Amino acid sequence: MGAFWADIEKHHPGIDTLDLPTEVAETGKERIRFTTREGKAPIPRQTRTAVLTGVRALYLDIQQWALEDPGWAAWAVPSPVRESDTGGFTKVKKKVRAKMRQRVRERLPRLPEPVNTTETRHSTQKKLLAAAQVTAVGEIFDHEGRRYRRISRRGVRPKTRFQHRPEMVLIEDMAGGLPVHIAARLLGHTRTSTTEAYLAVFQEDLIRSYRAFLDQRRATRPAAEYREPATDEWRGFREHFHTRKLELGDCARP
């Protein structure tokens with residue numbers, strides 16, 4: 001959405017209203033079809049429908065707020081983006097998601113290579129550290145055909161450590177049965193669909209991994225915990241959620 005308004009302000013300096021003239025709105029929507037960079041030819045904007053959808057959503061939100069709070073009425077104006085302008089938004093999202101999943105499928109078979117390289121280097125450095133720790137500072141020692149001298153760390157500025165991407169580690173864990181919803185929490189994703197893109201996982205994979213997780217969990221718990229609830233217990237459970245109130249109202253389900 002910011003790209004749309006930045007373009008409007010660039011071509012119409014000083015504009016201070018949401019009620020855009022027809023010509024301004026139409027030319028702005030036409031320019032937003034392309035991404036322009038100084039010294040380079042314009043290229044089609046892949047997120048055009050997403051930008052226009054955001055603009056339209058803002059205007060519709062303001063109109064809804066004005067119905068609930070008259071203070072918003074001054075800014076409740078017709079949207080410069082028609083519904084027809086956002087056509088194909090869902091299709092574009094599916095294409096982007098499919099492209100992400102295909103990219104992951106192509107790279108996933110190569111995942112063992114960096115993992116093996118990392119493990120080999122870790123093992124080598126661990127042995128080198130062990131050899132250095134038994135050597136006095138300033139002394140020379142040999143390790144795997146090479147000669148080293150142990151120096152003091154005092155006054156030596158530590159180098160920036162390479163921060164590995166946790167996604168690469170968790171992809172392998174998810175492939176081994178780690179539930180997607182748990183991986184999402186570990187990665188800080190608010191939606192499992194974001195995590196699914198890393199694994200190119202589909203709905204049946206999500207259900208299968210979650211059921212496997214439940215089976216493993218139940219195997220470690222007493223069987224009495226998973227008995228069928230009695231009629232009175234089930235009725236009490238339903239009544240509890242029927243009467244419980246959340247911030248947005250009654251959370252009872254039919």
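Where a number appears in this text, it was derived from the coordinates with a stated rule and is not lab data. Not measured: the values here are computed from a predicted model. All Cβ positions, even for glycine, are placed from backbone atoms using ideal geometry, and neighbour counts span all protein chains on display.
A few notes on this one:
- Mean Cβ count within 10 Å, highest first, over the residues of peptides 14-22, 77-85, 222-230, 185-193: 77-85, 185-193, 14-22, 222-230
- Distance in nm between pseudo-label sites at Arg103 and Thr124 (7 Å out along the Cβ direction from Cα): 3.1 nm
- Extending 7 Å from the Cα toward the beta-carbon at both Thr117 and Arg218 defines two label points whose distance is 4.4 nm.
- Annotation: peptides 207-217, 38-48, ranked by per-residue average of other Cβ atoms within 10 Å with the highest first, follow the order 207-217, 38-48.
- Cut-off 12 Å between beta-carbons: net charge of the residues surrounding Asp232, Lys and Arg +1, Asp and Glu -1: 0
- Added length on full extension, which subtracts the Cα-Cα distance from 0.36 nm per residue, Leu60 to Leu18: 13.9 nm
- Radius 15 Å from Cβ of Tyr59, net charge of other residues (Lys, Arg +1; Asp, Glu -1): -1
- Using the Cβ of Gly138 as centre and a radius below 12 Å, the other residues enclosed give a net charge of +1, where K and R count +1 and D and E count -1.
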